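Single-structure report; data block below.
What follows is calculated from the coordinates using simple rules that are stated; it is not laboratory data. Every value quoted in this text rests on a predicted model; they were computed, and no experiment measured them. Cβ: placed from backbone, ideal geometry, glycine included. Neighbour counts: every protein chain shown.
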Amino acid sequence: MRFAEVIGNSTVVTALRSMADSGRVAHAMLMYENEGCGALALALAYVQYLNCSNPSDGDSCGECPSCRQMSKLIHPDVHFVFPVNKGPKTSDDKPTSESYISYWRDLAGTDPYFVEADLQKAIGTEGKSGIIAVAEAKSIISKLSLASVYDGYKAVIVYLPEKMNQEAANRLLKSVEEPSEKTLFIFITHAPEKVLQTIFSRCQSIRVLPLGKEDQERVKALKPSDDQEEYALFMEIFTSLMDSLLVKDLMAALDCSESISALDSREKQKAFCNFAGLCLRKIFMLQQNMPQIADVRQDEKDFYDRMAAACSRKFCSSIIPVLENVVAMIDRNVNSKILFCDLVNRMFINIWR
Ligand SMILES: [Zn+2]
């Protein structure tokens, strides 16, 4: 994750960037957020920036080996700790984060704005409050005792330290108090008052602010839709629209605009616009030779590759603002048939340029 991909909280981004640039890297940091506001995204972007071998313009490159491993959450020097419980997805009797790490990667890799309930669902322990127990602390201490694989920072990102029990905190305390060189702890909490004082008092704290309405919409668009049907419908409309445009079939493309304006609420029409914006960004990333950022689903790869090859290079960057404008116009009650007809016309004109 690059700083550029973080939604909102630009002042925190600026603070983290200048900490990294000036070398004043806090060895223990506590990020306090209302859940779902992006503390994990910020932490990931920060660690990626610190460890990037080719940063420029205040952001990580997204392409060096370290950045690529960070984007898949498999960087060998970056460890994740989160509250767990026994469950059907692991046979471990005393599970630690490691027992569930592949589920964590799937979840946080697609949507770093997940909430605690999403995590419980992902690891198959719905409704059971997790805990960070002493086995976890031991595992972290042993991981930190190993030499780092790269020459950068070793990092431990602890999601919800308020779920850490006293014994685990006692074990970890020394590492937090006197970290070895180039080692950092980032604690992400939703309830700072519940974080054990011994840990809390050693941390530099950062407040991650609640997101504005627009940013909330962007976060929502990142989420794997609860409603698979809606995703399938949006994807179907989008693919037939793009295919019609590419064969210069304006009538078929206008049929698609009818399908969009026929969506049964203004919220759905706006959701479609946001969805289409995300699809265009994927095409754009592929055109920039950045498939690792494009994050295309395997079953949709053929479609996106085809679009990236066929669309004009300027298509995505010229249509995304139009989509944003359509969303604003829907809010102002402009007739949606006219809006979507105009949108499709603009796409038709721009796709080949
Ligand atoms: Zn990099």
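To the nearest 10 degrees, how steeply does helix 166-177 sit against the main Cα axis of the chain, on a 0 to 90 scale?
That works out to roughly 90 degrees.
Can you tell me the length gained on complete extension of the stretch I101 to K72, counting 0.36 nm per residue apart and subtracting the Cα distance? Write out the running numbers ahead of the final one.
Values: separation 29, 0.36 × 29 = 10.44 nm, distance 1.17 nm.
Full extension from I101 to K72 adds 9.3 nm.
Relative to the longest principal axis of the chain, what angle (0 to 90°, nearest 10) does the C-alpha long axis of helix 10-22 take?
50
Treating cross-link reach as a plain straight distance, find the lysines whose alpha-carbon is under 24 Å from the alpha-carbon of K143, omitting any fewer than eight places away in the same chain.
Excluding near neighbours in sequence, the set is K72, K86, K89, K94, K154, K163, K174, K182.
Can you figure out the FRET efficiency of S259 with E5, using R₀ = 25 Å and their beta-carbon distance, to the nearest 0.05?
0.25
With the Cα gyration tensor of the range 252-325 giving a ≥ b ≥ c as the square roots of its eigenvalues, does the rule (a/c under 1.5 for rounded; else a/b larger than b/c for prolate; else oblate) give rounded, prolate or oblate? Could you put the intermediate results ahead of the total?
Numbers: a/c = 1.86, a/b = 1.76, b/c = 1.05.
Prolate, because a/c is 1.5 or more and a/b exceeds b/c.
Between S145 and A221, what FRET efficiency comes out of the Förster formula 1/(1 + (r/R0)^6) with R0 = 51 Å and r the beta carbon distance, rounded to 0.05? All intermediate terms of the calculation are to be shown ahead of the outcome.
Numbers: r = 41 Å, r/R0 = 0.81.
Step by step, r from the Cβ atoms, then E = 0.80.
At most 11 other Cβ atoms within 10 Å and a DSSP loop assignment: could you name the trypsin sites (Lys or Arg not before Pro) in the range 191-295 that fit?
Working: sites: K194, R202, R207, K213, R218, K220, K248, R266, K268, K270, R281, K282; in loops: R202, K248.
Here the trypsin sites (Lys or Arg not before Pro) that fit, given the DSSP loop and packing criteria, are K248.
So for V247, V81, V12, V296, fewest C-beta neighbours within 10 Å to most, what's the order? Can you show the working numbers first?
Details: V247 8, V81 26, V12 23, V296 19.
If I rank by nearby Cβ atoms, fewest first, I get V247, V296, V12, V81.
By how many nm would the segment from E214 to S129 grow when fully extended, if each residue of separation counts as 0.36 nm and the alpha-carbon distance is taken off? Mind showing how you got there, number by number?
Values: separation 85, 0.36 × 85 = 30.60 nm, distance 3.12 nm.
Taking 0.36 nm per residue and subtracting the Cα distance, the gain is 27.5 nm.
Which of F234, V208, L184 sits farthest toward the positive end of the charge dipole of the range 142-242, with +1 on the Cβ of Lys and Arg and -1 on the Cβ of Asp and Glu?
Checking the options against the dipole of the range 142-242, the answer is L184.
Among Y32, M347, N335, flag the residue with its Cα farthest along the positive direction of the charge dipole of the chain, charges on Cβ as +1 for Lys/Arg and -1 for Asp/Glu.
My answer, from the dipole projection, is Y32.
Output the Cα-based Rg and Dmax of the range 159-260 in Å, rounding Rg to one decimal and Dmax to a whole number.
24.4, 69
Please report, in debye to the nearest 20, how large the charge dipole of the chain is about its Cα centre when each Lys and Arg carries +1 at its beta carbon and each Asp and Glu carries -1 there.
Values: 40 positive and 46 negative charges, 132 e Å.
Dipole about the Cα centre, nearest 20: 640 debye.
Taking the 0 to 90 degree range and rounding to the nearest ten, how far is the long axis of helix 213-222 tilted relative to the main principal axis of the chain, both from C-alpha atoms?
90
Taking the chain on its own, what percent of its Cα-Cα pair distances exceed 36 Å? Walk me through the intermediate numbers first.
Values: 17656 of 62128 pairs.
Summing the P(r) tail past 36 Å for the chain gives 28 percent.
Quick check: residue separation of S180 and K268 times 0.36 nm, minus the Cα distance between them. What number comes out in nm? Intermediate values should be presented prior to the final figure.
On the way: separation 88, 0.36 × 88 = 31.68 nm, distance 5.11 nm.
Full extension of this stretch gives 26.6 nm more.
Identify which of L44, L241, L250 has the largest mean-square fluctuation in a Gaussian network model of the chain, with springs joining Cα atoms closer than 10 Å.
L250
With just the Cα atoms defining each centre, how far is the range 1-38 from the range 99-131? Give it in Å.
The range 1-38 and the range 99-131 have Cα centres separated by 22 Å.
Let me see the pair-distance distribution of the range 3-211: every alpha carbon pair, 5 Å bin width, integer percents in order.
Whole-percent P(r) values from 0 Å outward: 1, 7, 16, 20, 23, 18, 10, 3, 1, 0.
For q values of 0.11, 0.15, 0.17 Å⁻¹, compute log₁₀ I(q)/I(0) with the Debye formula on a Cα-only model of the range 225-350, without solvent.
Result of the Debye calculation: -0.34, -0.66, -0.86.
Roughly how many debye, to the nearest 20, is the charge dipole of the range 225-350 about its Cα centre, given +1 on each Lys and Arg Cβ, -1 on each Asp and Glu Cβ, and no other charges? Walk me through the intermediate numbers first.
Details: 14 positive and 19 negative charges, 139 e Å.
Rounded to the nearest 20 debye, it is 660 debye.
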